[in-house]
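Undergrad: The structure's right below; bear with me while I get my questions together.
Please treat every number below as a calculation from the coordinates, not as lab data. All values derive from a computational prediction rather than experimental measurement. For neighbour counting, all protein chains shown are included, and Cβ atoms are generated from backbone atoms with ideal geometry for every residue, glycine included.
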Amino acid sequence: MEFIRVNKSNIYKLQEFIDNAGNALQTFRYFNNRSLLVVENHSVTYLIVDKNKAPVCYGHLEKENEILWLGIAVIEKQKGKGLGKKMMQYLIDFAKQSNETIITLSVDKINTTAISFYKKFGFSVVKETENIIYMKKEGL
């Protein structure tokens, strides 16, 4: 397992992740209406690749109007193996090193597994809509 930072030269790995994500894309719709090139505007974008260099986990931090947004997804076939935890810690550490103090995210209300996961990392609910929960982690 290895972390790779996504950039123009290896963006094809991001497409490979999306192509193999399976049902994970039902609740991680970030790229539904965005070009892959949006990663050029991210603070950081990482993939975890397995021993065969296949991408199995995605994570990003994106600054938008002074809010640092986090996104994480694990391909369906690799869930439950701790990859999300590794990516989350990696992104939190990156944010700390960048002197950030708050990370924000949104998650589908029906994605109770992810909500529980985020709470374990110290995220708390700050707003709810009909289908989405907004959470943030302060004091990094």
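Undergrad: Take the chain, connect every pair of alpha-carbon atoms lying under 10 Å apart with a spring to form a Gaussian network, then pick out the residue of Val56, Val44, Val126 with the largest mean-square fluctuation.
TA: Val126
Undergrad: Tabulate in residue order the Karplus-calculated ³J(HN,Hα) for the range 60-70, using 6.51 cos²θ - 1.76 cosθ + 1.60 with θ = phi - 60°, rounded to whole Hz; enter x for Gly and Pro.
TA: 8, 10, 9, 8, 9, 6, 6, 9, 8, 9, 10
Undergrad: Work through the residues other than Asn7 whose Cβ is under 13 Å from its Cβ and net out their charges, Lys, Arg +1 and Asp, Glu -1. Can you show the working numbers first?
TA: Working: positive: Arg5, Lys8, Lys13; negative: Glu40.
Net of charged neighbours comes to +2.
Undergrad: Cα-based Rg of the chain per 2.2 N^0.38 Å, rounded to two decimals? Let's see the in-between values first.
TA: Numbers: Rg = 14.2 Å, N = 140, 2.2 N^0.38 = 14.4 Å.
It is 0.99.
Undergrad: For the range 65-105, what does the relative contact order come out to in percent, with C-alpha contacts under 8 Å and a separation of six or more? Present the calculation step by step, with values, prior to reporting the outcome.
TA: Numbers: 21 pairs, mean separation 25.8, N = 41.
Over the range 65-105, the number comes to 63 percent.
Undergrad: Which value results when the Cα radius of gyration for the range 1-82 is divided by 2.2 N^0.38 Å? Write out the running numbers ahead of the final one.
TA: Working: Rg = 12.2 Å, N = 82, 2.2 N^0.38 = 11.7 Å.
Rounded to two decimals, the normalised Rg is 1.04.
Undergrad: Using Cα pairs under 8 angstrom and six or more residues apart, how large is the relative contact order of the chain, in percent?
TA: 19 percent
Undergrad: For the range 59-128, what is the Kirkwood estimate of the hydrodynamic radius, computed as the reciprocal of the mean inverse distance between distinct Cα atoms, to one decimal in Å? Numbers along the way, then the final one.
TA: Working: mean 1/r = 0.0776 Å⁻¹.
Over the range 59-128, the inverse of the mean reciprocal pair distance is 12.9 Å.
Undergrad: With everything on Cα atoms, drop me the angle between helix 11-20 and the longest principal axis of the chain, reported from 0 to 90° to the nearest 10.
TA: Roughly 80 degrees between the two axes.
Undergrad: Between Lys81, Lys13, Lys96, which gets the highest mean-square fluctuation from a Gaussian network model of the chain, Cα cutoff 10 Å?
TA: The residue with the greatest mean-square fluctuation here is Lys81.
Undergrad: If each of Asn65 and Val44 carries a label point 7 Å out from its Cα toward its Cβ, how far apart are those two points in nm?
TA: 2.6 nm
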